[in-house]
Amino acid sequence: MDGRLSAVIDFGGLGIGDPACDLTVAFTLMSAKSRAAFRATLGMDDSTWMRGRGWALATGLNAYTSYAAVNSRVAAQTTRQITEALLG
């Protein structure tokens, strides 16, 4: 490719081994009502759900501290994600 970068593969979440990390979407994109329906449909136990909240909080805080100062959209989204994770 003539010495140019043509792709980036991010393996950051690969091999985590905790299915709760997949629950981050519930706190990133869902309202409290849709999140409750999502949880009920999955039949998620309390400890897995709590770890999912932890993953959402951790990724939200990481993104906020890394990008919020330079990107207002990231600041708004990660603030929402952090708030939703804390509220449960």
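The values are calculated or read from the model by the stated rules, or taken from the named source; none is laboratory data. All values derive from a computational prediction rather than experimental measurement. Backbone-built Cβ (ideal geometry, glycine too); neighbour counts: all protein chains shown. Heads up: the accessible areas ignore ligands, DNA and RNA and are worked out on the full protein's heavy atoms, side chains in. Shrake-Rupley method; radii C 1.70, N 1.55, O 1.52, S 1.80 Å.
Contact map, segment 56-85: first residue on the phi > 0 side of the Ramachandran plot, second residue assigned to a helix (DSSP H, G or I), Cβ cut-off under 9 Å, separation 6 or more or different chains; the map is empty.
Can you tell me which residue within segment 59-79, out of those that are small (Gly, Ala, Ser) and either closer than 16 Å to Met30 by Cα or in contact with a Gly (Cβ under 8 Å, 6 or more places away or on another chain) (or both), is surrounded by the most Cβ atoms within 10 Å (Cβ to Cβ)?
From segment 59-79, those small (Gly, Ala, Ser) are 60, 63, 66, 68-69, 72, 75-76; that's our starting set.
Adding the requirement that they be either closer than 16 Å to Met30 by Cα or in contact with a Gly (Cβ under 8 Å, 6 or more places away or on another chain) (or both) leaves 60, 76.
Values: Gly60: 23, Ala76: 11.
Among residues in segment 59-79 that are small (Gly, Ala, Ser) and either closer than 16 Å to Met30 by Cα or in contact with a Gly (Cβ under 8 Å, 6 or more places away or on another chain) (or both), the one surrounded by the most Cβ atoms within 10 Å (Cβ to Cβ) is Gly60.
Residues of segment 1-21 that are at pLDDT below 80 and open to solvent by less than 70 Å² (accessible area, probe 1.4 Å): Gly12, Gly13, Ile16.
For (1) assigned to a loop (DSSP other than H, G, I, E, B); (2) surrounded by fewer than 18 Cβ atoms within 10 Å (Cβ to Cβ), each residue gets a yes or a no:
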residue	(1), (2)
Met30	yes, yes
Ala40	no, yes
Trp49	no, yes
Leu57	no, no
